[in-house]
Each structure stands twice: as C-alpha cells, then as structure tokens.
Amino acid sequence: MSLANPQALVDRLSQKQKKLSTLLVGANVAIALILLALMYAVHNASKQSYESQAQSLAEGIATIAQANVGSELNLIDAVLRATADEVQRLKPGAGATTPLVDEILQTRLNLLPGAEAFRLTDRSGLVQWGTGLPPGQRMDVSDRPYFMEAQRRPSEQTLVAGPVRSRVSGNWVLVFIRPLTIEGEFAGILYVSVNVDHFQRLFSQYDLGEKDAVTLRARDLALVARHSPGALVLPDVGETAVSDALKRAATQNSASGFFVSKVAIDGEMRSTAYRAVGDWPFTVYAGVSHSRFFQAWRDQVWTHSALAGFLWCLVVLATFATYRSGVKVAHGLQALADQTERTNVLLRIAGDGIHIINSDGVLVEMSDSFAEMLRSTREKLLGKHISEWDANQNRERVTHWLSKLKDRDHQRVDVQHRRDDGTVIDVDLQMRAVNIGGELLVFGSARDVSDIKRLVVEQTAMLENELVGMAKIEDRHFSWRNAAFERVFGYASGELAGLPTRVIYLDDATHDFIGKEAYSVLQSGSQYRTQLRMRKKDGAAVWVDFGAVRFAENCVLVLAVDITAAREAHDHLAHAAFHDPLTQLPNRLLLKDRLVQALGTAQREGTRVAICYMDLDGFKAVNDTLGHETGDALLKEVARRLLRQVRASDTAARVGGDEFVLILTNIEGEEWSAILERVSLAVREPFVVNGAVSQVGATLGVALSSPDETAEELMDRADHKMLEGKRRGKGTITVAGDADGTRL
C-alpha cells in the first residue's frame, strides 16, 4: 500500500539545486555590493560638494554681517569721539552750558540708528545731561561696572558694556562709553545706549533660508542679537549656552573660523562660520541649516537609492525566476515524499480508527488507534477479513457489498465490532471507495460511540424525568422543554415552543429583575437559584424553586420545581409560630417583637407608647357553666371586638387564658384613655353564643413608656397594675404611677 519512495531522486536534485542557489546568491550579493559601492562614492562626493557650498554660504553671510556690524559700531565710536571733544571744550558745569550740552547730545543721538539714549555724567556718576531722562529723578550710574572701569582707567578708547538692562526703558542694550578728562582730571563719562533689537532688525534684512541663523555674541559668548527665519525658540539676551564645537573653535581661533554642530538654542544642525568684528569685543556667527540646505542632497540620495534598489530587484527577480524554474520538479517530488510521510504518520496517530480494505475485504493498512479500539495489535489484524471483527457480517455479505461499490462511493453506517476479548462495541463507520492504480480500495474511519450512546440514553432519561421541570432558553425564548416543565406551568405538550419567557412571569418588573440578576450571576461562571412566584397558563400564581445554568452565550438551562404546597405549609407554620391558634391574634412572641419596634419608633420620633394588660372579669363562670366550647367562642368574639376598637397602627394580642394585651402607638396626651374606654365598653356588651346570652367585664392595667425603658420593664409595670386593679375590685383601669385605679 505504500507509495514508491521518491526521496533518492529528490536528494540528487537537491544537491544540484544547492550548487545553483549558491552561485546565484553569490552573483546577487556581488551585484548588490557593487551597487552599494557606487552609490556610496557618488553620494559621498555629492555630500562633500554640498558641505563645501554650505561653508561658502555661511562664510559669505558671516563676512557681510561682520562688515555691517563693524560699520554700525565704528559710526557709534566716531560720534562718541566727536561729541566727547566738543563737550570737553565746553567744560560743562556752569548753568549756561546745560541747555547747549543737552542740544548737542540730542542732535548726535539722531545720527545713531537704534540708539535709545545719549547721556553725560559728572565725575560722581550722576547723569546731569542727556536724552530720555525720567522727569523729576536724577540718575546715578556710579554703581555700574562700566562707570567704575572708566573712572579707574580713563583712556581715549571707547569702552563697551553689555548686554545689560536699561534702568530707564527696561530694554536690553549695549552701552558704549567714553571717559572725559578736563585739565587732566576725570570729569565723568559720555555714553550711548543702543537697543540690541537694532542688530536683530539689521540681520532680518538678510536673505536667509528657513532655519538659517545669524547671531551676534559678546566676547564672553553672551548672546546680543539673533535672527533665524521660522525659528520656534526665541533665546534670551545674555544667554551663554553654546555647543562644545563653538567653544573649541573660539578658543583655537577667536578671529574667524568654521565648525559644524548642533546648536544649543534650538537643537538644529548647522554649518557655522564666525568672524570677529574688528577690535570690538563682538563676534558674528552665520549658520546654514542642514535640514533645509541638505534636503536636495537627501532627495538625490533617496532617488538614486530607489533606482539602484529597483535595478537590483529586477536582477533578483530574474535570478529567482531562473532558480524557480530549475527546482519545480524537485519541489514536486519533495512535496510528494513529504505528503507520503505525512499520510503514513497521520494514519498511524489518527484519533479515529482509520483502516484500508482491498477489493477482497482484507485489511491492508490501519492506524494504531484502530488496533487499540479492537484491543488488538497491528500484527494480528493486518491480513484479516472484515467478517472477523464485524459482529453482524459474514464473508458472503461482505463480498456482495464490495461488488456493488464504485469509485468515489461514500457511506456512513452504524455497525458493531467485536474486540479480541469478545466484547461488542457500537461503531460509527464512514467509508469511501477510491480507485488507486486500477485497484479499488475502501478507506474507513471507525469511531467507538458506545459511551456516547450510553450517555445519550442517560441524559434523555434525566431530561425527560417527571419530577424536575427543565427547559433550554435561547435569547429568552423557549427552544426545548420537558413534560415536567410544561406541567409546572399548566401548558400542554408543545405549547411553549418558541414563546418568550415573559409568559411564565407574573409581571414585567419580575421578568426584568430576574433577567438582570440571573444573567449577571451566570456570566460570572456561577449557577443561579432562587424561589419566586411565577405565572401559570391560566394566570394563577405558582411558587417555583427556580435555577439556571449557562450553556453558551445567550443560552441557559433552567430548572423549575413546583413548591407551592411546601411554601403554603411553611407560611402556615410561620403564622402559627407567632399567632394564637384560637383567636388568630399575635401571641406573646410577636407581641414582644412589635413592642420593641414601637418603642424604637417612639424614641426616634419623640412620641410615647401605651401598653395595656386586660383580664376578663367573669369569664371563668361562663366557661364553667356553659362549657369550654362557649368559652372559646366568647374569646374569639372578644378578639374581634378588640380589633374593631383599636387603630390600624395598634396591636391586640392574646397572651394566655382570658388575658389580652394592647399596644397603643404614637400616643398624644390622654388619647389612650379614650381608646381604653371604648375597649372596656365593647367587652361589657352582652354576648350571644350558641343561643345563650353571656356578659363579662374587663380589668385593665396601663403603663406609658419613658425614653430609657425596655419592653420587659414596660410590660411588667402594666401587668402589675392590672393585678392591682383586680385586687381593688375589678372593672377598673389602673394607670402605672396613679395612686388609685379608675373604677368603670
């Protein structure tokens, strides 16, 4: 039955294919390396060209900025020198010269774009002359470091300070100072304050690209002014945070230089050229943004790389097509060999009893599970005829059946197989006839269903029991139910099919509540059980012990047992435990419970409770003369009269013999007295029992509650007062706390 083994041919072709694949892979790797080398050389040369262009552009911008800033500073220096000479000739200090000095300073201020103030101090540092002075105040710059420097070393050179905050305008300014000497003595300073925004406006006139930057910094690297189109970060004036590359370049050559770094201010990578502004303590920096300037180079790299990759992919595809066409046969044979091996393995390990029968009815191949199912071995079964394990067939029947089979015929039958130990099992057998190599073979799949059939019988017996109602509910509709379930709710066979579960609930509220509660419990993996009143088909209520188990999503099995009789018996016993069997009034247990509740309510609401012990006068004579039956009837009539006289919120109880107790709640003033008067009069009315007229009286003992009194204490006081009234002559109402009872 086994297929011819093609593995030898597959192995030979595999060796040739390995050599071919190695050659093709090597060729593709070589082509890829050549392309990578060419791409690297071209892109590297292109990048160097762009870097050179970026450096040239940065140096050009830096040179222009150096010239512009130098021109501005030289203009300031020239105006300062000329003004200082003129002021020194005037020798300010006399009152007549003050207006003239102010006029000169104002005129010279107009010559300096961006200057905020032009001022002159005396030798002590007080600003005596100048522009933009605050009215009514005298400025003192003697504490300024630049004044101290000019005072300590007067020279003919212009000093520079800043950037600093102007005390008048509050703006960041650069201060240009000229010390004055008159007759060889220090006479003060002449200074100009220039707003740093002037240099930023100067730089904004340059044709800079997006994220390019021009910066003016002092010798200590403090930022003076900066302009960068499209910048999202605005640095603070005076900030000294710079990259390490800038620090190294400035240290090595402070006059000029070039470096590439990530700028500390905004994190942008730039090619930066810098130039010192003449002899001034300032340096201009011009940076070209890599993200903008090198974008064209990056686009070029991407385009070239994509083209090279595309060409290499074409080579790979062509190589792959050649390789694939050479291995189709080998793959086909390998697949056949693998399939043969898989078939053999699956046949051996299949869970069902797989077996193959030839046209003579003889077993030629099988799975291990088939031998295990028959409690036999491969060696014993191979070569045997079907009739040797089929409990209901013989050779003649098998031969007749095989003669009718045709290629591709398929059958599924229930049969019985005989094991080696003689036991017979039920088997679900599927068969298909297949013509292979001119021989008709029958492939069979046998499954032992003995346990399944037994389980089905057991489950059917359980589900169709006559005691417990069961139903399968899908999406809250009945999809199956047994006869016991239909009987619980008064439905005939089949009437519940497809109906919504609402029909067995008393109302919508109960239906919705049970739905939410039950499904919440079931979804947590637990079982649900409760007892509730449900609805029969005729509308009558039925008490049901109701349970549910989840089968699947929106599918549950419910169980229902009619417990109406048990529930009624329980309710009857519960009533009997707390009520007098003769009069049906509350007994002593229920009386005490209600008294405790009444006292609690009274304490919360600030009211009082009255409890009254009542004993019948003359009852024993009636009972002795007319008999116990008449006495019992009289007691029941007394109970009815008591209930008619007390309020709905009150309680009338029988505690034994002819003794009764009344609980009067929510008492206001003497309201209790009127109620007890009515009770006493009602009891004294004649009784007609069994044709005989009888009359009894009543002695009552009353106690009114106090906030800290217990139920037992209150009942004891009322009982004591009733006994005290009996001793006084009966027919009285004796109130706890009164010296004497009230005779009725």
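Annotations for the structure displayed:
- Residues satisfying the stated conditions in region 319-360, i.e. at pLDDT below 80, of a type in the set (A, V, I, L, M) and over 16 Å from Gln17 (Cα atoms): Leu336, Ala337, Val345, Leu346, Leu347, Ile349, Ala350
- Region 599-651: number of residues that are among the hydrophobic types (A, V, I, L, M, F, W, C) and within 19 Å of Glu713 (Cα to Cα): 7
- In region 500-508, the condition of being in the same structural domain as Glu474 (by the TED database), in a strand (DSSP E or B) and either of a type in the set (D, E, K, R) or under 16 Å from Met470 (Cα atoms) (or both) is met by at least one residue.
- Exactly one residue among Phe489, Phe485, Phe546 is touching a Gly at 6+ places or on another chain (Cβ under 7 Å) and of a type outside the set (Gly, Ala, Ser), and that residue is Phe485.
- Per-region count, region 434-475, residues at pLDDT 85 or above, within 30 Å of Asp512 (Cα to Cα) and in contact with a strand residue (DSSP E or B) (Cβ under 6 Å, 6 or more places away or on another chain): 6
- Subset of region 154-173 [closer than 10 Å to Glu116 by Cα and modelled with pLDDT of 90 or more]: Asn171, Val173
- Among the conditions (1) closer than 28 Å to Ser56 by Cβ; (2) modelled with pLDDT of 90 or more; (3) crowded, with 16+ Cβ neighbours inside 10 Å; (4) of a type in the set (Lys, Arg), the only one that Arg178 does not satisfy is (1).
- Residues in region 113-139 that are among the aromatic types (Phe, Trp, Tyr) and farther than 14 Å from Leu180 by Cα: Phe118 alone.
Yes/no matrix, rows are residues, columns are (1) within 54 Å of the chain's Cα centre (by Cα); (2) within 19 Å of Pro281 (Cβ to Cβ); (3) without any contact (Cβ under 8 Å) to a residue 60 or more places away in the chain; (4) surrounded by fewer than 23 Cβ atoms within 10 Å (Cβ to Cβ):
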| position | (1), (2), (3), (4) |
| --- | --- |
| Val192 | no, yes, no, no |
| Asp197 | yes, no, no, yes |
| Glu210 | yes, no, no, yes |
| Thr215 | yes, yes, no, no |
| Ser228 | yes, no, yes, no |
| Leu232 | yes, no, yes, yes |
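- Any pair with Cβ under 7 angstrom, 6 or more apart, that starts in region 562-580 at a residue that is touching a residue at least 24 places away in the same chain (Cβ under 8 Å) and ends at one that is part of a helix (DSSP H, G or I): Asp562/Val488
- Selection within region 561-593 - of a type outside the set (D, E, K, R), surrounded by 15 or more Cβ atoms within 10 Å (Cβ to Cβ) and in contact with a Lys or Arg (Cβ under 8 Å, 6 or more places away or on another chain): Thr583, Leu585, Pro586, Asn587
Quick grid of which residues meet (1) surrounded by fewer than 20 Cβ atoms within 10 Å (Cβ to Cβ); (2) touching a His at 6+ places or on another chain (Cβ under 9 Å); (3) of a type outside the set (Gly, Ala, Ser):
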residue	(1), (2), (3)
Asp632	yes, no, yes
Ser673	yes, no, no
Leu676	no, no, yes
Asn690	yes, no, yes
Ser694	no, no, no
Arg727	yes, no, yes
Ala736	yes, yes, no
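- On inspection, Arg641 fails the criterion of being over 21 Å from Lys726 (Cβ atoms) and either more than 56 Å from the chain's Cα centre (by Cα) or not in a loop (DSSP other than H, G, I, E, B) (or both).
- Single residue of region 152-165 satisfying the filter (closer than 13 Å to Tyr191 by Cα and surrounded by 17 or more Cβ atoms within 10 Å (Cβ to Cβ)) that is farthest from the chain's Cα centre (by Cα): Thr158
- Reported count of residues in region 207-236, each being at pLDDT 90 or above and either among the β-branched types (Val, Ile, Thr) or in a strand (DSSP E or B) (or both), is 11.
- Condition met for Asp624 (assigned by the TED database to the domain that holds Ala711, over 17 Å from Ala711 (Cβ atoms) and without any contact (Cβ under 8 Å) to a residue 24 or more places away in the chain): yes
- If you go through region 237-274 and pick out every residue that is of a type outside the set (A, V, I, L, M, F, W, C) and assigned to a helix (DSSP H, G or I), you end up with 5.
- Scanning region 69-86 for residues that are among the hydrophobic types (A, V, I, L, M, F, W, C) and within 19 Å of Tyr285 (Cα to Cα), we see that the one that is farthest from the chain's Cα centre (by Cα) is Leu73.
- The residue list Val542, Val549, Val556 contains one member that is more than 34 Å from the chain's Cα centre (by Cα) and not in a helix (DSSP H, G or I), which is Val542.
- Any hit, region 703-711, residues being closer than 24 Å to Gln597 by Cα and part of a helix (DSSP H, G or I): yes
The values are calculated or read from the model by the stated rules, or taken from the named source; none is laboratory data. Note that this is a predicted model, so its numbers are computed, not measured. Because the Cβ atoms are built from the backbone with ideal geometry, glycine has one as well, and the counts that use them run over all protein chains shown.
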